[in-house]
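Peer 1: Quick one: this structure, given as structure tokens, is what I'll be asking you about.
Rule-based calculations on the coordinates, nothing more; no lab input. Please read these numbers as outputs of a predicted model, since none were measured by experiment. Cβ coordinates were reconstructed from backbone atoms using ideal geometry, including for glycine residues, and neighbour counts include every protein chain displayed.
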Amino acid sequence: MADEKKVIIDNEDGDSAEINLQSKQPAPEVETAPEVDAAAELENLKAELGAKDDRIIRLQADFDNFRKRTAREKSELADVIEQAFLKDLLPLLDNLSRATQAAENAEQADVDTLRKGIEMIRQETVAVMGKHGLEPIDTQGKPFDPNYHQAVGTVKDESKPDGTIAAELQRGYIARGRVIRPSMVQVVNNS
């Protein structure tokens, strides 16, 4: 059967109200654990939390060390690559110095010999740059492409269709698939 309880509530004005509460089911009995078990479990949870905090701090430190080590290795690798490139350029510098001395010391510089020497240095430079992935951008008779070319002027040329490159003013280069300097060109515009 239902248990009936009366509750009287008084407020500050002196009024009171009586409420009948009916309970159809008896309240379940709650087993209370001894305080010792609760304290021990609390200590265990605190220890677990402390261990997890310590693990997180160690993981953060490991990640920071990994990030710093990776940055240092990248920097060292870039230095090694740069040194190898500069080492490959040294013979070019030597040849340019020899050509300059030969032109200065000669009473009557042989223009053909000097031109051939400079051309050999240019070819050697192109070979060294090619070894390191540098390729010239081809412009001869090609249509203008803003990804590879920079238009600095237009010309009229009825023998070529509009949008064709008429002249290359400065050579452009690609290094390992990326444009490092676009070719400066004049483009045909007949309209």
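Peer 1: Given R₀ = 45 Å, FRET efficiency for Met120-Asn147 by Cβ-Cβ distance, to 0.05?
Peer 2: For Met120 and Asn147, the calculated efficiency is 0.85.
Peer 1: Could you give the length gained on full extension between Ile56 and Val179, defined as 0.36 nm per residue of separation minus the Cα-Cα distance, in nm? The partial results should precede the final answer.
Peer 2: Details: separation 123, 0.36 × 123 = 44.28 nm, distance 4.40 nm.
So the chain would gain 39.9 nm between Ile56 and Val179.
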